[in-house]
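Laboratory data are not the source of any read-out in this text; all were calculated from the coordinates shown. In this text, all values refer to a predicted model and were calculated from it rather than measured experimentally. Cβ placement follows ideal geometry from the backbone for every residue including glycine, while neighbour counts extend to all protein chains displayed.
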């Protein structure tokens, strides 16, 4: 078994203020002690709301954001310990599909040039070979070849997302970090992109880190899921187990908030909880203020991730043991 | 359909480009009613004309787009016959509007309480003190009691969910009978989305408010609305009871929309895709507008324009699926 | 690039709600200003360089019997106080003025771009230092700086061009620095870095490409400033030295004889300077409008 990507105790923090390049004052922790394993050919869903640090996690894995501590093991090489030059040979292995494909494309470059860019930078093909490869990449993602001469602003949202995918695939990566790849798209387009991602994965044995706020999309594409809240891992495990038997109250709240048409207007556990947030710097659980089932202990002691068996981890003193959620 | 006068009745609404360049109206022959205390969800993808319809009801069509036909009755008054001045007065009083992004709709330089006070006084007059009391009551009603009691806050000091609550309070400032909510939760986090939808349904019940809920999310519509109307390329394709809609949509487009949503938990099946793209206003399509993408298309679909019929059979398809059992 | 043809091909016309209005705007609203400005400038350049071929008269030849002659058949624009042909001098003066201004703008553009790119793409501390330096430089009035330079450097066409260029670059530098700062935070730059692009590649392909149009537009405005600056300097007697012809110098000799009021010595060079500056400003404005239109589409 080849463990593609293994993350251990990854933390990212930003200095609150910088002056002449030097950090000043307190640091702000964006990610705290995250760990997971992503096998080759598998998808790990990263679920979280805004401010959960999910985008930062994706960037940190690719070393686009420097981690403050922890290890990023890729084929047993610790990427976190490498400098820019040392990283260079590994860069083509892993690519990012940005949240907003339009922002991620130079508006003055044609789509063909956008897709060709990584080929120029990382592959060093001849002009002729590049042209063939771009056409091939475009057809892989279902992008009409006539669109290659257009500019990003002339494409629709779905076409742009396909172009972004084609570019990410150009270096023949083994890992794709997909940051909310379907969030701006209509339902029918979302289905097409999700299917395309599944097909590409089956065809090329790609690993995906699928970052999303949408549990439904994650449940469709990810074998395993990690739930983030304010930079902390709340729960991770096989997607099916996590959805059928959520152990963390936060996961349960996210699931209850999913608009499942069958449960019309049912009361749900996402009702407002008006508990005062714990003092900053205290050892409370980060989800304390929002938790529906918090106990006094949660205010004084942060939970440590414990295993529930089956590779299912939860960071909660009082995990939910209730019957499997009925769908 | 509730008996008596509907809070909103739209019939034969057709919107098009003023310049006449489009080959196809942007919204064509759209009719629907919303009763008091009822929520109707408009479901459609971008470009289906759902937001344009809301803009037409509110009398705020973007420049260059014109109402070519149709009647809009709000609370028994025909709006299209009113002069601009009278219409403007009615806008804030008889209907409230909630946008997707409250930050662009709220003034950044005025406290939120002050904004509600201003809105109230513009439409209803009265003393500043009375308006202030009204603003506090409204903020409490939308679940912002802390904001009602404490000092006034600027929009940028509030969270996204709180801003949307303020937006709703503002829309309700003059006790309108109709609330138009255009993608009110699209920009919000999942947990907040539920809170805002719960708030809207509570207001709908408690105030007997008619709500036109515009969304691209069929699941949200099915969970919260009483009825659903699906729009495709400017035409209504199906209207039905929300509870049964998701189980048995009859129009092939509604079915395709439903089948494109990933189920939770996953059932291992591949998501259904709709081939092609919706037609723009420049494309003239004979017959059913969905025919080029329809999996069940037959010969007559390309000739005959299917209609919804009067308020009875509410599916615009020549060969619809079986009705819900 | 894979698709050179694709890159050079202009974008298809934007499809908007009002195609006719947009087409009208595209044809007249923006095209008119930059096209007219460009044509006007070309006309002035043609007057200066091709003109002498069609009207071969020595601008330095002195016609002692025709001192301060008013415009007439033999001297279409009259003569100056030494009896030199004003039309011929205006043509030669155009060559000097336009060429020096052009070279000066180019120097300002390149120096400004380089300085701005280093500040914009370098580490934060370097940016701070370079920008404070620039502030200090900008605090000194341009004319004072020019007079100071003119006092210590021997005057000649080359030294004038360098001098003007060195005074001109701070504006371009600041613009380039700000644009580079903004561009390097863009996702497409981060994407390129992820593909293994170095700083130089990013600067060349993405950041230059993002800011070049705006910088070029500003260079046209700079050229207008240079024409005015050179003429002003010469008018003050610090620029191009007699007997060489320049527009500012012609204007100067006219002004000195104001008592006699030789209007042709003031009107024609004044008109030439005015037209040249107008041409550059129209060109710049037109290009700017076009650039903004592109951004909106």
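Restricting to bridges with both residues inside the range A:3-244, how much of the DSSP beta-bridge set is antiparallel, in percent to the nearest 5?
Restricted to the range A:3-244, the bridges split so that about 60 percent are antiparallel.
Quick check: the angle from helix C:31-49's long axis to the longest principal axis of chain C, C-alpha only, nearest 10 degrees?
40
So for the pair residue C:152, residue B:78, with labels modelled 7 Å out along Cα→Cβ, what separation do we get in nm?
Placing both labels 7 Å beyond Cα along the Cβ direction yields 8.5 nm.
Using a cut-off of under 14 Å, list every residue of the range C:200-238 whose amide N is near the label point 7 Å from the Cα of residue C:258 along the Cα-to-beta-carbon line.
C:236
Let me know the Kirkwood hydrodynamic radius for chain C, please, with Cα pairs as the basis and the value in Å to one decimal.
21.6
Using a simple spin-label model with points 7 Å from Cα along the Cα→Cβ vector, what separation in nm is obtained for residue B:159 and residue B:88?
Label at residue B:159, label at residue B:88, 3.9 nm between them.
Mind pulling the angle between the C-alpha long axis of helix A:127-140 and the longest principal axis of chain A? Nearest 10 degrees, somewhere in 0 to 90.
Here the helix axis deviates by roughly 50 degrees.
If I fit a long axis through the Cα atoms of helix B:128-141 and take the longest principal axis of the Cα atoms of chain B, what angle between them do I get, 0 to 90°, rounded to 10?
Computed tilt is about 50 degrees.
For chain B, what is the calculated [θ] at 222 nm in deg cm²/dmol (nearest 500), taking -39500 (n - 2.57) for each run of four or more DSSP H residues and dividing by its residue count? Before the final figure, lay out the partial values.
Numbers: 11 runs with 105 residues, N = 325.
Rounded to the nearest 500, it is -9500 deg cm²/dmol.
Between the range C:51-66 and the range C:199-244, what's the alpha-carbon centroid distance in Å?
32
Evaluate E = 1/(1 + (r/R0)^6) for residue A:223 and residue C:102, where r is the Cβ-Cβ distance and R0 equals 60 Å; express this FRET efficiency to the nearest 0.05.
0.40
For the pair residue A:103/residue A:289, report the inter-label distance in nm, with labels modelled 7 Å from Cα in the Cβ direction.
Distance between label points: 2.5 nm.
Express the C-alpha Rg of the range A:25-160 as a ratio against the empirical globular expectation 2.2 N^0.38 Å, rounded to two decimals. Please report the intermediate quantities before stating the final value.
Working: Rg = 17.7 Å, N = 136, 2.2 N^0.38 = 14.2 Å.
Working it through for the range A:25-160, the quotient is 1.24.
Using just the alpha carbons, could you tell me how many Å³ per residue the convex hull of the range A:3-244 encloses?
That works out to 136 Å³ per residue.
Taking Rh as the Kirkwood radius computed over C-alpha pairs, what is the Stokes-Einstein D of chain B at 4 °C in a medium of viscosity 1.567 mPa s, expressed in µm² per second?
On the way: Rh = 20.8 Å.
Diffusion coefficient, whole number: 62 µm²/s.
Where Rh denotes the Kirkwood radius from the mean inverse Cα pair distance, what is Rg over Rh for the range B:1-121?
0.99
Taking every pair of Cα atoms in the protein assembly as shown, average 1/r, invert it to obtain the Kirkwood radius, and report Rg/Rh to two decimals.
1.05
Helix-derived [θ] at 222 nm for chain A: sum -39500 (n - 2.57) over DSSP H runs of at least 4, divide by residue count, nearest 500?
Taken over chain A, the calculation gives -8000 deg cm²/dmol.
Between residue C:143 and residue A:87, what FRET efficiency follows from the Cβ-Cβ distance if R0 is 56 Å, with the result rounded to 0.05? Before the final figure, lay out each step's value.
Working: r = 52 Å, r/R0 = 0.93.
E between residue C:143 and residue A:87, to the nearest 0.05, is 0.60.
Take each of the peptides B:43-55, A:120-132, average the number of other beta-carbon atoms within 10 Å over its residues, and list them starting from the highest.
Per-residue Cβ counts within 10 Å, averaged per peptide and sorted highest first, yield B:43-55, A:120-132.
Using R₀ = 41 Å, calculate the FRET efficiency as 1/(1 + (r/R₀)^6) where r is the Cβ-Cβ separation of residue B:322 and residue A:144; round to 0.05.
The pair residue B:322/residue A:144 has a calculated efficiency of 0.65.
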